[in-house]
Amino acid sequence: MIDSQITDKLFSHLVMLRRWFHQHPELAFDEANTAQRIITELEHLDIAYDYAGVGHAVIGRIRGQDPDKSTIGLRAEMDALPGTESTGASYTSINPGKMHACGHGAHMAMLLGAADMLVKNPPPGPVNLIFQPAEESGGGARTAITDGALQNVVAIFAGHVTHEYVTGQIMVRDDLVTAQSDRFVIRIRGKGGHGARPHETTDAIVISGFLITALQTLVSRETNPLHSAVVTIGKVRAGSAANIIAEEAELEGSIRTFRSEVRRHIHHGMERMIGAVAELHNAEIEISISEGYPSVVNEPVATAVARKAAREIVGDENVVVSEFPSMGSEDFAYYLGNVRGAFVRFGARATDWEPVPLHNPAFDIDEKVLAIGANFYNRVARLAHAQIAHDQTGELINGV
Ligand SMILES: [Zn+2]
Ligand SMILES: [Zn+2]
């Protein structure tokens, strides 16, 4: 039913490849052997590629029937996670302290499967096969973009295996797919002194009290109630004794948002309130925000193309939509900051399996999903070429 486009021979090859990747996990920006294995496969298929060395993306470049047309990008991740695998599979990690618990080995195999199909039956125009480093930490998508992953690319697609759905299902969600998560630290500096003589001091604890309450209003009073946002202060550190007024206080917390405008507003709002509270109390306050990955927001035209490809591969009834976006994050968002694209999920749980979450040491996939993923990438690249055409300015001139 599902794998009509993939030959048995190619499927067996993908199973072998994904087991090899799974057994030889490497961490973010250190994917040396993984990249080499991909390169061997690309050379075998006679696909030109760019690779600037360890820590960089391997970008296979399929020319297609007309190499002057715009390019479609397909993305897989190369990195694994720290931890000790507990799947008990014959292909369990042989690299101590490293495990492919996010299924990236499967994604690489799927993309190489699509590469095989795209070489044997060329698509209308070029396709970039983007094998990026460091999705789990460090935002390797940005490295891939610097490496030229998006050169001439007008639409990009990626998928991720999951046990939330059974094998044979593909989840395609419009608009928001994952959350944005940022962390912050606020440092308040006042003037310490005797607990009985507050007029000689600037009390950092009283100031933090004002700030903790004020910051909550960024969500309750300044954010559209239909747009989700969370500002959590999870750690407060200040003071040393009951009769000493604290000179310093430190607040740490995290921000969760889905929309970039909401995120920007909260970042600016925090700075605004901090400036005002510092002025109000004659203190020094500074904030540092470490930005996590932006939200993945599927673009409508690319999502329609992805949904069409998914329907062709698994049938209408097996293309599902999750009710809510995920609170997880994904660095695929960086590509979507540059070009239209869509991120889907491939169900990878056999019907009689208990679901295991991603990143769990026991996470493994039902290997049938390799055929589904390879077919999906192959189809979506062709459909995107047929249905997303652009003029010279890159504006959409026809869609679906
Ligand atoms: Zn992961
Ligand atoms: Zn992942």
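Read the figures in this text as sums done on the coordinates, not as results from a lab. Small disclaimer: the values here were computed from a predicted structure and weren't measured. Here Cβ is always computed from backbone atoms with ideal geometry, including for glycine, and neighbour counts include all displayed protein chains.
Of note:
- For segment 1-43 and segment 281-336, distance of Cα centres in Å: 25 Å
- Virtual spin-label span in nm between D174 and E279, 7 Å along Cα→Cβ: 4.3 nm
- By the Cα gyration tensor, the chain has an equivalent ellipsoid whose semi-axes, rounded to whole angstrom, run 46, 23, 19 from largest to smallest.
- Lysine pairs in the chain whose alpha-carbon atoms fall under 23 angstrom of each other, counting only those eight or more residues apart or on distinct chains, come to 8.
- Cβ-Cβ FRET estimate between M327 and T84, R0 fixed at 25 Å, reported to 0.05: 0.45
- Qualifying GluC sites (Glu not before Pro) in segment 235-339, where qualification requires a DSSP coil assignment and no more than 10 other C-beta atoms within 10 Å, comprise E323.
- Between 0 and 90°, nearest 10: helix 260-281 axis offset from the chain longest Cα axis: 10 degrees
- Applying 0.36 nm per residue to the separation of V230 and N121 and subtracting their alpha-carbon distance, the gain on full extension is 34.4 nm.
- On the beta carbon distance between A241 and T213, with R0 = 25 Å, the FRET formula returns roughly 0.50.
- C-alpha long axis of helix 369-387 to longest principal axis of the chain, angle in °: 90 degrees
- One chain, two ends: E271 and D66. Fully extended at 0.36 nm per residue, the span grows by 68.7 nm beyond their Cα-Cα distance.
- Amide H contacts under 5 Å for A350: T167, D366, restricted to partners 5 or more places along the chain or on a different chain, H placed in the peptide plane at 1.01 Å from N.
- Dipole-positive endmost among N128, S326, P225 within the chain (Cβ charges, Cα centre): P225
- Of P122, P96, P294, the one that fluctuates the most in a GNM where the chain has Cα springs shorter than 10 Å: P96
- Here the calculated FRET efficiency for S254 and D316, from their Cβ-Cβ distance with R0 = 41 Å, stands at 0.55, rounded to the nearest 0.05.
- Here the Karplus curve 6.51 cos²θ - 1.76 cosθ + 1.60, taken at θ = phi - 60°, turns the phi angles of segment 128-144 into couplings of 8, 9, 9, 9, 9, x, 6, 7, 5, 7, x, x, x, 4, 5, 5, 4 Hz, with x standing for Gly and Pro.
- In a DSSP loop and with at most 16 other Cβ atoms within 10 Å, the GluC sites (Glu not before Pro) in segment 131-228 are E222.
- Counting only alpha carbon atoms, the long axis of helix 32-44 and the longest principal axis of the chain meet at about 30°.
- Placed amide H near M99: partners under 5 Å, 5+ positions off or other chain: L81, G83
- Long-range HN-HN contacts of V344 with modeled amide H, under 5 Å: A158, G159, H160
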